[in-house]
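The structure appears below as structure tokens.
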Amino acid sequence: MDQASELRNIVRSQSQRRVARVITVTSGKGGVGKSNVAINLAVEFKKLGQRVIIFDADFGLANIEVMFGAVPKHNLADVIYHGSSIADVITTGPMDIGFVSGGCGIAQLSQLNMQQVGVLVNSIAQLDSMADIIIIDTGAGISGTVLEFLVASGEVLLVTTPEPTSITDSYSLLKSLGRHERFAPAETKIKMIANRVEDTQEGQQLYQKLNAVVKSYLKMDLGFLGVIPQDSQLSRSVMLQSPVCIQNPNSRSARAFASLAAVLLNLEQSQRSIRRGMSGFLTSFAMGTKRH
């Protein structure tokens, strides 16, 4: 039996479990507010009665833990090598939002044997019963690891700002994703979030600018989720290591996050998209990384 067949058998063993909604947040470059989007959407989902866990896959940069002001004692490497349960590596942040530090656990996935991959997939599959929504915070850019995460995702949020470099890097990311051998456009919904814009009009113009070249040259379907306005309160909350949706829920940015979270929940209810859950997500990711 080849490795791909073994991985499929692993995920089939989880097929009867309840699956969570997995939303992957990414960006073409660093410094555009991607982790802020992940954290504040998590807060707003929590306010709407959803159980939420953030999966920090931005290896080498501890953005989630810094912004939450909570330092994890364990990460996925402890699950693989030290026999920890997935519950052991969940750190609790504000409002009882859990987050999991990927550490080197995912970064070294291609080096693991099938038994170790099986342990990891079966452990992470347990997150499906612990959360309604799992938010994946990827690294920025077009590294092989980031692309594997996006290929494995059914729902991707692309954070872009009006800076020319952000627009061109977002396009480069989509171009690389479109060329990936395992990318399935029909199974992946990609929506852009316009961050640090003055108003809705500027956000829509930013989307139209990016979408025009994406449609023309990449033949991809890029949706528009909404905007997050430029807001000094958001910058202040980062300095205080507290999500703006908790620190200042009436600020412009917090109200925007609340609107985006409500839209995402309404989309889920109206479209009833197929959920892969974390076991399906990670199995797809593992199949890709172990080919290289």
* Asked: If you scan the range 203-238, which residues turn out to be over 30 Å from Pro249 (Cα atoms), of a type outside the set (Phe, Trp, Tyr) and out of contact with any Leu (no Cβ under 8 Å at 6 or more places or on another chain)?
  -> Lys209, Ala212, Val213, Ser216, Lys219, Asp221
* What number of residues within the range 216-252 satisfy the criterion of being at pLDDT below 95 and touching a strand residue (DSSP E or B) at 6+ places or on another chain (Cβ under 8 Å)? -> 2
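Against the condition charged (D, E, K, R), modelled with pLDDT of 95 or more and part of a helix (DSSP H, G or I), how does Lys209 come out, does it pass? Even if it seems obvious, please write down each step before you answer.
Values: charged (D, E, K, R): yes; modelled with pLDDT of 95 or more: yes; part of a helix (DSSP H, G or I): yes.
Answer is yes for this residue.
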* Could you figure out which of (1) in contact (Cβ under 8 Å) with a residue 40 or more places away in the chain; (2) surrounded by fewer than 19 Cβ atoms within 10 Å (Cβ to Cβ) isn't true of Glu198? => (1)
* Structure fact -> Within the range 33-70, residues being among the aliphatic types (A, V, I, L, M), part of a loop (DSSP other than H, G, I, E, B) and at pLDDT 95 or above number 1
* Asked: Going through the range 196-241 one residue at a time, which ones are touching a Gly at 6+ places or on another chain (Cβ under 7 Å) and farther than 19 Å from Val32 by Cβ?
  -> Leu218, Met220, Gln241
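The values are calculated or read from the model by the stated rules, or taken from the named source; none is laboratory data. The structure presented is a predicted model; accordingly, all values stated were derived computationally and were not measured. Using ideal geometry, Cβ is built from the backbone for each residue, glycine included, and neighbour counts are taken over all protein chains shown.
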